Amino acid sequence: MQIFSTFEHSASLELAISSLENNGVNKERIFAVPLTNRKSERRLFDSTHNEDGISLLSTGAALGTAFAVVGASVGFRLAWGPIYWGLIGTAGGFLLGFLIDWFYYKVVKKKQRLLRGKNSEVILIVECPEDQGDLVEHILWHHFAFGLARVQSQA
């Protein structure tokens, strides 16, 4: 049986490996694979085939709508009239919302990522007999594994 788990690259991973060795799992049956971090930053503008779920347009659309209503309402008393001031409000609100989202994702989120640090994850593969599977699983969960999966060997 093989047990796959993911860990943060930290002291708890080392403790999990030493605990597995102390409980009868051979060192040759434990395999740790560190994952590499992303080298480039995420793109803020999506393409048709690559989308990450971050939208820079939603806040702009909401503020554009709100500013259009306010601009059209106030435009009845201004020289250019409600249509022009509604369009000016739409453009101004959209631009303001776009800049707010851009600043948030480019500056604030980047600072949060830098403060947390970029710790990579490690995939730990343990090969053990089926009767040791529950013990190995308990040890990995006890040492803060992110996730765990069991795979039956074809023997």
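Observations, loosely collected:
- Value of Rg to Rh for the stretch 58-116 (Rh from inverse mean 1/r over Cα pairs, i.e. Kirkwood): 1.27
- Label-to-label distance, nm, for residues given as Lys27 and Ser10 (7 Å Cα→Cβ offset): 2.6 nm
Rule-based calculations on the coordinates, nothing more; no lab input. Note that the coordinates shown come from a computational prediction; the quantities given were computed from them, not determined experimentally. Quick reminder, even Gly has a Cβ in these numbers, built from the backbone with ideal geometry, and neighbours come from all protein chains shown.
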